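The values are calculated or read from the model by the stated rules, or taken from the named source; none is laboratory data. Predicted model only: the values in this text are computed from it and were never measured. Neighbour counts run over all protein chains shown; Cβ positions are idealised from the backbone, glycine included. We work out accessible area using only protein heavy atoms, side chains counted, and drop any ligands, DNA or RNA first. Shrake-Rupley method; radii C 1.70, N 1.55, O 1.52, S 1.80 Å.
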Amino acid sequence: RRYHMISVCFRFDDPSAISDHGLEEGIFDIFARLDVPLCVAPIPFARTVGGEVVPLSPQNASHLIDAARAGIIEIAQHGHSHVHRGVDAHGAHSEFAGVPAVQQTRLVREGLEQLSSIFSHRIRGFVPPWNTYDRSTAQALDEAGFEFLSAGWEVLDYGKLAIVPRTCTLRSARNAIERALCFQSLAPVLVVVFH
């Protein structure tokens, strides 16, 4: 019997200027010890409960910078400010879906400039908050030079942008992997998302 590979990717969303950096460092340490790659999607411009905007910066993201430099994590952009601005075709919260294309392009580029300046390298991936987006989002990402978008199950292609749907949560990962074993000949990719 011939066996094929099942790829499992881990995606950690929501680190920001105001998140729990100690907890995040602990997560990075676990993945480093296990030698398991981790895609981390930080929010470029977090908002406090009072609505104050706090940009990610070298001062409040040193743990992310160190982990990225060490090759422990890959950085993907998690939207702009994780603010509910619209809804997708199914009525779900979205920072991008349903928002005018010009505004989406501005938000994508502002976030990209912020992260690129902090990490001093090209950001290849984009994760929209609430895993929702529309065709205008995909177009803005493709035009900004992103290589992949990781979101929900809906796939809205545009240009060369690769779409990598979220498969499961950390809680349901074991079950998803067991189910994927039935499809080894298709070499499935599972994306495990946690916050």
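Condition first: open to solvent by 20 Å² or more (accessible area, probe 1.4 Å), part of a helix (DSSP H, G or I) and in contact with a Ser or Thr (Cβ under 6 Å, 6 or more places away or on another chain). Can you find one or more residues in the range 96-111 that meet it? Checked against the condition, which is being open to solvent by 20 Å² or more (accessible area, probe 1.4 Å), part of a helix (DSSP H, G or I) and in contact with a Ser or Thr (Cβ under 6 Å, 6 or more places away or on another chain), the range 96-111 yields at least one hit.
The criterion of being surrounded by 22 or more Cβ atoms within 10 Å (Cβ to Cβ) and either touching a Leu at 6+ places or on another chain (Cβ under 7 Å) or closer than 18 Å to Ala46 by Cβ (or both) holds for Leu141. Restricting the range 44-61 to residues that are within 16 Å of the chain's Cα centre (by Cα) and not in a strand (DSSP E or B), the residue that is surrounded by the fewest Cβ atoms within 10 Å (Cβ to Cβ) is Pro44. In the range 9-43, what residues are of a type outside the set (Lys, Arg), assigned to a helix (DSSP H, G or I) and open to solvent by 40 Å² or more (accessible area, probe 1.4 Å)? His21, Gly22, Leu23, Glu25, Asp29, Ile30, Ala32, Leu34 - these are the residues of the range 9-43 that are of a type outside the set (Lys, Arg), assigned to a helix (DSSP H, G or I) and open to solvent by 40 Å² or more (accessible area, probe 1.4 Å).
Evaluating Val49 against the criteria (1) under 18 Å from His82 (Cα atoms); (2) modelled with pLDDT of 95 or more leaves one unmet condition, (2).
Taken over the range 72-113, the criterion of being touching a Leu at 6+ places or on another chain (Cβ under 8 Å) and at positive phi is satisfied by Gly79 alone. Using the structure shown, decide if Gly79 is open to solvent by less than 60 Å² (accessible area, probe 1.4 Å), in a helix (DSSP H, G or I) and touching a Gly at 6+ places or on another chain (Cβ under 9 Å). It is false that Gly79 is open to solvent by less than 60 Å² (accessible area, probe 1.4 Å), in a helix (DSSP H, G or I) and touching a Gly at 6+ places or on another chain (Cβ under 9 Å).
When Gly79 is tested against the conditions (1) within 30 Å of Val36 (Cα to Cα); (2) modelled with pLDDT under 95, the lone failure is (2).
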